[in-house]
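The structure appears right after this line, and notes come after that.
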Amino acid sequence: MKLAIIGTGYVGLITGVCFAEFGYQTICIDKDENRLNYLNKSKCPFYEPGVENLLEKHLNKTKLLSFSNSISESVKDADIIFITVGTPTKRLEEEADLTYVFEVAEEISKNLNQYSLIVTKSTVPVGTTKEIKKIINKKINIEKFDVVSNPEFLREGSAINDFMRPDRVVIGCENIKSENIMKQLYRPLYLIETPIISTTIESSEIIKYAANSFLATKISFINQIADLCENVGANVQDVAKGIGIDKRIGNKFLHAGPGYGGSCFPKDVKAFIKTGEKSNVNFSILSAVDKFNNNRIIKISNKIISKANLKKGDLVSLLGLSFKPNTDDVRASTSIMIAKLLINEGIKIKSYDPAAMKNAKLENPEIILSSNAYEACVDSKALIIGTEWNEFRALDFIKIKKSLANLVIFDLRNIYNENNFQDLGFKYFGTGK
Ligand code: NAD
């Protein structure tokens, strides 16, 4: 089977290298020449553990993988074409912007030579895959192609493992022929007993949004419980443990913190609310989740200012800029949003992140960068831990104490406890405790 994957971002590139690892001849296409230059040198344009090893192996040794800037050249003889371009939030309307997806569909429609499956792996609102079918059908006879929905569930930071050992694979098809091709494609995973959820295109598209919206809701739920805990002297970590041990609830995504961020949850919750609206369903639960999450960073930055008694011109250190550990992705990063709010109040932010400093600087040039966590703390009036990178989990606070101007720590991710600081004289503020 020959595969073409359009878009070499987090999802497209991981899909490409992993399918090459399964043994498929795979071509990955992107319009970003800079990105392609990196990839052709076996360099991953973003931070994701394990990608470069697979790039090196399949570009240079097995030669199963190649890159191109041309959709027209690449899709002609592809058996399966994946659309993995971005679906960001539209500027004003808070719904999914499908411009890139439809552009790619138009391009595919002009270049199909043989029967192909067109698969949406990008996260797209219900109805989109059938829209793609209509676009392609304007130029190509209905017998010459099928459309499939195959949403992706990988997480940045553990993307290769998530792709190779997923909890499930979801495929939404219109007929047995396309279903069989997809099952054949995923045979290597079927062999390790990965559940394959085979359903309609509409259900498949909804599964992706419902999953992300549910996880975002779970995060917001525990964050609101954290607020209650703070006000009444309880500990949200104990509460989370107490409820998470119940198998009906589960302990995942029950970590209180600054709110959900990243390139998926915020935009997908908003897009799902819009999908509901268009179909006369008022997703009031998700509207509350979205609003609560947006307000949370404002509440947290106000808390930091008041508890640390910060004034205009004060310097604050911020550890962690990526939206979560093990990635350099700063899209909708709560750390950066909190930094922005503090900067707006005239506070200076000095920061360190193991991987995301370059992207953070592009996002907000006013953030001052340091070469390590300790340097970021020099002369600072408060220390904020914004992202729970492993290297922040065992910091030498005796050393930090000597450089901080004010011994206040805001541990937004609860990676420490108050008793870690009792003898050191720090004022410790966790989340929900
Ligand atoms: P991304 O922004 O990292 O990458 C998108 C890529 O598509 C870019 O390299 C861009 O240059 C390329 N592109 C755009 N238009 C193109 C065109 N016409 N021709 C060729 N290339 C084009 O996006 P991503 O994070 O990989 O997300 C892609 C989709 O997958 C989104 O719908 C997202 O919601 C979904 N998703 C993302 C994740 C994640 O963790 N990032 C996880 C699951 C699903």
Just need a number here: residues in region 204-252 that are closer than 30 Å to V126 by Cα, open to solvent by less than 50 Å² (accessible area, probe 1.4 Å) and in a loop (DSSP other than H, G, I, E, B). 1
Quickly run through region 136-186 and pick out the residues that are open to solvent by 20 Å² or more (accessible area, probe 1.4 Å), among the hydrophobic types (A, V, I, L, M, F, W, C) and in a helix (DSSP H, G or I). I142, I160, M164, I176, I181
Does region 194-203 include one or more residues that are of a type in the set (D, E, K, R), touching a residue at least 12 places away in the same chain (Cβ under 8 Å), out of contact with any Asp or Glu (no Cβ under 6 Å at 6 or more places or on another chain) and surrounded by 17 or more Cβ atoms within 10 Å (Cβ to Cβ)? no
For region 416-424, indicate whether the set of residues that are part of a strand (DSSP E or B) and more than 27 Å from the chain's Cα centre (by Cα) is non-empty. no
Here's a check for you: in region 405-430, which residue that is in contact (Cβ under 8 Å) with a residue 60 or more places away in the chain and hydrophobic (A, V, I, L, M, F, W, C) is surrounded by the fewest Cβ atoms within 10 Å (Cβ to Cβ)? A405
Considering residues of region 343-388 that are among the hydroxyl-bearing types (S, T, Y) and within 21 Å of I300 (Cα to Cα) only, the residue most open to solvent (accessible area, probe 1.4 Å): Y352
Output yes when any residue across region 76-91 is in a helix (DSSP H, G or I), open to solvent by 10 Å² or more (accessible area, probe 1.4 Å) and either touching a Leu at 6+ places or on another chain (Cβ under 8 Å) or modelled with pLDDT of 95 or more (or both), and no when none is. no
Checklist (1) among the aliphatic types (A, V, I, L, M); (2) assigned to a helix (DSSP H, G or I); (3) more than 18 Å from D314 (Cβ to Cβ) applied to I338, failing item: (3)
Answer yes if at least one residue in region 99-116 is near the ligand (Cβ under 9 Å from one of its atoms), among the aromatic types (F, W, Y) and open to solvent by less than 70 Å² (accessible area, probe 1.4 Å), and no otherwise. no
I'd like the residue in region 38-57 that is crowded, with 23+ Cβ neighbours inside 10 Å and touching a residue at least 40 places away in the same chain (Cβ under 8 Å) and, out of all such residues, is farthest from the ligand (Cβ to nearest atom). V51
Filtered residues of region 12-37 (kept if open to solvent by 40 Å² or more (accessible area, probe 1.4 Å) and within 23 Å of P325 (Cα to Cα)): R35
Evaluation of L3 against (1) on the phi < 0 side of the Ramachandran plot; (2) within 12 Å of the ligand (Cβ to nearest atom); (3) open to solvent by less than 20 Å² (accessible area, probe 1.4 Å) (one fails), failing number: (2)
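The values are calculated or read from the model by the stated rules, or taken from the named source; none is laboratory data. Every value quoted in this text rests on a predicted model; they were computed, and no experiment measured them. Heads up, the Cβs are rebuilt from the backbone with ideal geometry, glycines too, and the neighbour counts pull from every protein chain shown. For accessibility, only protein heavy atoms count, side chains too; no ligands or nucleic acids. Shrake-Rupley method; radii C 1.70, N 1.55, O 1.52, S 1.80 Å.
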